[in-house]
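The values are calculated or read from the model by the stated rules, or taken from the named source; none is laboratory data. This one's a predicted model, so the numbers in the text were calculated from it and none came from an experiment. Glycine also receives a Cβ, built like all others from the backbone with ideal geometry; neighbour counts cover every protein chain displayed. Note: areas computed on protein heavy atoms with side chains; ligands, DNA, RNA excluded. Shrake-Rupley method; radii C 1.70, N 1.55, O 1.52, S 1.80 Å.
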Amino acid sequence: MTLTREQILEEMGLGPVWRLRQPAGASEAVAEVSPDAPAKADSAAPMPLAPRPRAQPAAGSVDAVDPTGADALGWPALREAILGCTACALCQGRKQAVPGVGDENADWLFIGEGPGAEEDARGEPFVGQAGKLLDAMLAAIDLRRGDNVYIANAVKCRPPGNRTPEAAEMAACRPWLKRQIALIRPKLIVLLGRAAMHAVLGEERSLGASRGKTFEYRDGELVVPVIVTYHPAYLLRNLPDKAKAWEDLCLARRVMRGQQAVGMDLPLSPA
Ligand code: URA
């Protein structure tokens, strides 16, 4: 089913126009669950963003259970290595690892927390309720899963009971994510929720304190602007914060268009 833009914004709780449904501040009062715990839904100078040369995928395969060899892998070997990974205990409870999905040359990289039950069953990130909302969020800024968009997670295996992945689990999985970013070389990374923010930026502050800003992901000569926003599973339980997520998506679009420099804070959106 193809949704109109109005239907998409309505789905995000923002229809029929881009207005906050209630005065700023009101949403804080109704938030019931911390954005730091997004349990899956069952949880001045424009920045130059010229295309960069793609990383050269190395041929050959590297030990499938050794994430430290990830830096040498091209896409097929990386995928296989992730599927066979036993670097942390999360592998014991998974049906399958969930490497990621989408355009391997995407400008946009969205990173979530970790697979839930449906993702574990289907092998694709964000296919449950939270995924439907993520798709609506993408559509609201004229993006589509798989079309110039790649979706990945901080951890590739489902944490038991859909709990938030532990720091050690995210650290064990980090070489895979780092290699995915190096191969994709996105123009912008959007982090969905605090776990992703922690995994990618090492940022310990709350999501509320970090959104509305632009960060940088650095890996060698690769520098990618990063913004953070609420996890879709959190938004499903905290509808008023969808308006803030919409602001974040607008910021993402501005950064992608080079209209907002890294480090500048989000200006107040029109009422
Ligand atoms: N939540 C996530 O963070 N990732 C998924 O893939 C699904 C739900």
- Report, by residue number, each residue of the range 118-165 that is assigned to a helix (DSSP H, G or I), under 21 Å from residue 199 (Cα atoms) and within 10 Å of the ligand (Cβ to nearest atom). 119, 120, 130, 131, 134, 162
- Query: Filter the range 190-202 for residues that are crowded, with 19+ Cβ neighbours inside 10 Å and under 23 Å from residue 68 (Cα atoms); which is nearest to the chain's Cα centre (by Cα)?
  - Reply: 196
- Task: Can you work out which of the residues in the range 166-186 that are in contact with a strand residue (DSSP E or B) (Cβ under 7 Å, 6 or more places away or on another chain) and assigned to a loop (DSSP other than H, G, I, E, B) is most open to solvent (accessible area, probe 1.4 Å)?
- Result: 185
- Message: So the check is Cβ under 8 Å with 6+ separation or different chains; which pairs have a first residue in the range 201-215 that's more than 19 Å from residue 238 (Cβ to Cβ) and at pLDDT 95 or above and a second one that's open to solvent by 40 Å² or more (accessible area, probe 1.4 Å) and not in a loop (DSSP other than H, G, I, E, B)?
- Response: 215/201
- Looking at the range 238-271, which of the residues that are open to solvent by 30 Å² or more (accessible area, probe 1.4 Å) and small (Gly, Ala, Ser) is modelled with the highest pLDDT? 263
- Note down all Cβ pairs under 7 Å where the first residue falls in the range 170-196 and is within 14 Å of the ligand (Cβ to nearest atom), the second is open to solvent by 20 Å² or more (accessible area, probe 1.4 Å) and in a helix (DSSP H, G or I), and they're at least six residues apart or on different chains. 170/198
- List every residue pair whose Cβ atoms lie under 7 Å apart, where the two residues are 6 or more positions apart in sequence or sit on different chains, the first residue falls within the range 102-127 and is within 13 Å of residue 153 (Cβ to Cβ), and the second residue, located anywhere, is of a type in the set (Ser, Thr, Tyr) and within 9 Å of the ligand (Cβ to nearest atom). 113/43; 116/43
